[in-house]
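Quick note: the coordinates plus some simple rules give every number you see, no bench work behind them. Computed from a prediction, not measured in an experiment: that's the story for all the values here. Note that we place each Cβ from the backbone using ideal geometry, even for glycine, and neighbour counts take in every protein chain shown.
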Amino acid sequence: MAGTFEIQGYCDQCFSAVKEAFRNNFESDLEVGASFAATIDGKFVVDLWGGYTDAAQTRSWERDTIANVWSTTKAMTAICALILIDRGQLDPDAPVARYWPEFAQNGKEKIPVKYVLTHQSGVAGIDEPITWETYYNWDRMIRLLEKQKPLWEPGKRGGYHAYTFGHLVGEVVRRITGKSLGAFFRDEVAVPLGADFHIGLSGENDYRVAELTPPPALKPEDPGYKLFNDPGSISEVCKKVMGNPPTDANLVLCTRDRAWRAAEIPSVNGHGNARSAARVGAAMACGGELDGVRLMGQTTIKKAIEEQDYGTDIVLGGTFRRGLGFILNSKEMPMGPNPHTFYGSGWGGSKMVVDLDAKISWSYVMNKMGNLFDPRPQGIIQALYAAL
């Protein structure tokens, strides 16, 4: 794909360097298809896309192309919980079992909601061997989580709830509202904001879903190599979280199945593009309200980004700084220059970032998956902030 490459969409002339940085990723053969969007004060200053939706490069990435964004979905799921916190319907300090009584089994009766939102509950994996099809069955997953014993003492350490996060938060939302997480997100966030983001995708949208390609094989010196290539060197906790069922190329292929897209897996199977994710982020960047649509108040956002945990993740091994459902800016994992920045990040490289200091939201969504510390957004973000 090397050579001059055409980029589609809108870019304010003040941010022309952002467009060039985005283009450079294509001309350097780092992309197949991707989108990038940014808002300031709730208004789009950048909304770009380019490339192809398939590895064979036969179908162009269009304005309405969407892709599976993996764990960037968690940010949307967290927003649903925060809406209920803002309304006084959910207390993050209350036990999960107040809302979901059956959860109070095997030492989980006192686990507060905030431990789930901050990946400290210990309910990060399932002891019983399961398949990805198990995640398609909401009730089955809920029964397993009810029976599951925490993998470590709740509140003592943070450990990435890679796949269980969405079902844990989602069931609390369902018990309070009577709606599934996907339906609640659609009715309270996506439709009011006009954001083309879905947790549980209808078949009528399949034609516009970009085909994900697995990340390249890790080298022994790469971060995360042992996690995915040397099971004998990782902890038993990590095996239960990332290895049951396994996180590998076969999982990427699952994203092409109708069953995967239709299911509500609020940790990992949200579908959207940079425009839709940045639009949701814009509401947060503007204090919780955008164009007459109120998600929550500034007090709730302030509470959401209070540091809840800062240390080595027992599952992933890296250092994370976490608030209620979001990763917080840190020296180990910076996402822009400003301190009041929080974000969601997905396997392969997708991002949804909110900078309260500059009232910026930005998002990057692609179909060619990268590995940990994917460099592709960095030049784009440097250009974005340099233009302010």
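Things worth noting here:
- Using the Cβ-Cβ distance between residue 378 and residue 175 with R0 = 25 Å, the FRET efficiency computed as 1/(1 + (r/R0)^6) comes to roughly 0.05.
- Across the chain, C-alpha contacts under 8 Å between residues 6 or more apart give a mean separation that, scaled by the residue count, equals a relative contact order of 25 percent.
- Test item: Cα-centred dipole of segment 14-81, Lys/Arg +1 and Asp/Glu -1 on Cβ, debye: 200 debye
- Ordering 5, 265, 39 by the projection of their Cα atoms onto the charge dipole of the chain, which places +1 on the Cβ of Lys and Arg and -1 on the Cβ of Asp and Glu, puts 265 at the extreme positive end.
- For residue 363, the shell of other residues with beta-carbons less than 9 Å away shows a net charge of +3, using +1 for Lys and Arg and -1 for Asp and Glu.
- Antiparallel %, DSSP beta bridges [both residues in the chain], to 5: 95 percent
- At the listed q of 0.13, 0.17, 0.19 Å⁻¹, the Debye profile of segment 140-283, built from one uniform point per Cα, gives log10 I(q)/I(0) equal to -0.74, -1.17, -1.31.
- Distance (nanometres) between label positions extended 7 Å along Cα→Cβ at residue 43 and residue 156: 5.4 nm
- Given their separation in residues at 0.36 nm each and the Cα-Cα distance between them, residue 217 and residue 28 gain 66.1 nm when the chain is fully extended.
- Net +/- balance of residues flanking residue 245 in space, Cβ distance below 12 Å, scoring K and R +1, D and E -1: -1
- C-alpha long axis of helix 274-285 to longest principal axis of the chain, angle in °: 60 degrees
- Taking the C-alpha atoms only, the angle from helix 138-147 to the longest principal axis of the chain is near 50 degrees.
- Summarising the label geometry, the points placed 7 Å from Cα in the beta-carbon direction at residue 89 and residue 10 lie 3.3 nm from one another.
- Cα-based Rg of segment 52-98 normalised by 2.2 N^0.38 Å, two decimals: 1.92
- Once C-alpha pairs closer than 8 Å and six or more residues apart are averaged by separation and normalised to the residue number of segment 258-304, the relative contact order reads 20 percent.
- Distance between the modelled labels on residue 139 and residue 202, one decimal in nanometres: 2.4 nm (7 Å Cα→Cβ projection).
- Degrees, to the nearest 10: 16-27 long Cα axis against longest axis of the chain: 80 degrees
- GNM top mover of 54, 309, 291 - the chain, alpha-carbon springs below 10 Å: 291
- When +1 charges are put on Lys and Arg Cβ atoms and -1 charges on Asp and Glu Cβ atoms, the dipole computed for the chain relative to its Cα centre reaches about 680 debye.
- Dipole size of segment 1-146 about its Cα centre, with +1 on Lys/Arg Cβ and -1 on Asp/Glu Cβ: approximately 380 debye, rounded to the nearest 20.
- The rule of thumb for compact globular proteins, 2.2 N^0.38 Å, goes into the C-alpha radius of gyration of the chain 0.92 times.
- Distance from segment 320-388 to segment 256-277 (C-alpha centre basis), Å: 20 Å
- Positive dipole terminus of segment 101-174, leading residue within 129, 169, 159 (C-beta point charges): 159
- Average Cα contact separation per residue, segment 1-55, under 8 Å, 6 or more apart, as relative contact order %: 41 percent
- Per-residue ellipticity at 222 nm computed for the chain from its helices equals -8500 deg cm²/dmol, with DSSP H segments shorter than 4 residues left out and the rest contributing -39,500 (n - 2.57).
- Normalised by 2.2 N^0.38 Å, where N is the number of residues, the alpha-carbon radius of gyration of segment 235-388 equals 1.10.
- Cross-link partners of residue 331 among lysines, defined as those whose alpha carbon lies under 26 angstrom from its own and excluding same-chain residues fewer than eight positions apart: 74, 114, 156, 219, 226, 302, 303, 351, 359.
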